[in-house]
Amino acid sequence: MTDRTPPSTRFGGLHVAVIMDGNGRWARARGLPRVAGHRAGAEAVRRTVEAAANQGIGTLTLFAFSSDNWLRPRAEVDTLMQLFYEYLLGPEIGRAVENGIRVAVIGRRDRLSPALVEAIEAAEQATRAGRRMLVRLAVDYSARDAILAAAARVNGGGKLGREQFARLMAEATHADSLPEVDLLIRTGGEQRLSDFLLWECAYAELHFTRTLWPDFGAAHLEEALADYQRRERRFGRVPEAAASIA
Ligand code: FPP
């Protein structure tokens, strides 16, 4: 985060979510172990956070570890956890503070190591005053589990509004709110949601790219944002009515 140019406000308030896919294939194509792909993926995270801040994006949510990823080989899981730990304790957090970026982690915490939970809490605490952009890392995250956890907390059979339910879901994932996703990007060529932000993506625009995550950077983000700007968002309404809320 060394770029100190004034941020664009073009995408102020926009919530962009990213399914970072393709680390393994990136490594295999180079004859490297999968974990080398994750290391390169961590560099792409750094580049993309910087590019998103410079584009004036409001919230960036990155799918770093799905609850189903626990089923990967132990060594790969350990490397991913180590990368999250290094990211949260490394120079990136100091740069986030300098640049007004708030960092938060969503998902379950009870299966993470105490050291990682401590690093998460320290990073959240250090960056809490950031107002330029919110970066959320989803770790041990499952949208279905979040919905189930929220449903389990609904008591009585009374009428429950969407906002009240969203609040329960936010609490279930350690999030302070449940921002609707405007644009969901998935790298790596697959076209699916993989249990990511299912509720929040109700009206998200979807952008799929074949680019593998370790190759992703500012130009790819710009391309996705340009694609987003060409979409007509209707939120279930007719075009004329939608124009007044877009
Ligand atoms: C999917 O690629 C990627 C992941 C499961 C992990 C995402 C993690 C990072 C980008 C690394 C570090 C992140 C931070 C926040 C420091 P895949 O392994 O499923 O790739 P494949 O589909 O090609 O096998």
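Read the figures in this text as sums done on the coordinates, not as results from a lab. These numbers come from a predicted model, not from an experiment. Cβ placement follows ideal geometry from the backbone for every residue including glycine, while neighbour counts extend to all protein chains displayed.
Values computed for the structure shown
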item	result
Cα-based shape type of region 35-156, given that a ≥ b ≥ c are square roots of the gyration tensor eigenvalues and the cut on a/c is 1.5	oblate
Helix-only [θ]222 nm of the chain, DSSP H runs n ≥ 4, -39500 (n - 2.57) each, per residue, nearest 500	-13000 deg cm²/dmol
Segment residue 149-residue 89, extension gain: residue separation times 0.36 nm, minus the distance between their alpha carbons	18.6 nm
Prolate/oblate/rounded call for the chain, Cα gyration tensor, a/c under 1.5 rounded	rounded
Segment residue 180-residue 74, extension gain: residue separation times 0.36 nm, minus the distance between their alpha carbons	34.8 nm
The chain: most fluctuating residue of 37, 189, 107 per GNM, C-alpha cutoff 10 Å	189
Stretchable slack from residue 30 to residue 192, in nm (0.36 nm times residue separation minus alpha-carbon distance)	55.8 nm
Calculated FRET efficiency for the pair residue 98/residue 159, C-beta based, R₀ 35 Å, to 0.05	0.15
Whether region 148-246 is rounded, prolate or oblate, judged on the alpha carbon gyration tensor where a/c under 1.5 counts as rounded	oblate
Karplus-derived HN-Hα couplings along region 91-97 (A = 6.51, B = -1.76, C = 1.60, θ = phi - 60°), whole Hz, x at Gly and Pro	x, 4, 6, x, 5, 4, 4
Spatial separation of Cα centroids for region 126-142 and region 185-246, in angstrom	20
Unit charges on C-beta of K, R, D, E only; dipole of the chain, Debye	240
Phi-based couplings in Hz for region 51-64 (Karplus 6.51, -1.76, 1.60; Gly and Pro marked x)	5, 5, 5, 5, 8, x, 5, x, 9, 10, 10, 10, 7, 8
Most mobile listed residue (155, 54, 99) in the chain, GNM with C-alpha springs under 10 Å	155
Cβ-based charge dipole, the chain, positive-most Cα from 38, 61, 204	204
Whole-Hz ³J(HN,Hα) from phi, Karplus 6.51 cos²θ - 1.76 cosθ + 1.60, for region 112-128, glycine and proline x	8, 5, x, 5, 5, 4, 5, 5, 4, 5, 5, 5, 5, 5, 5, 9, 4
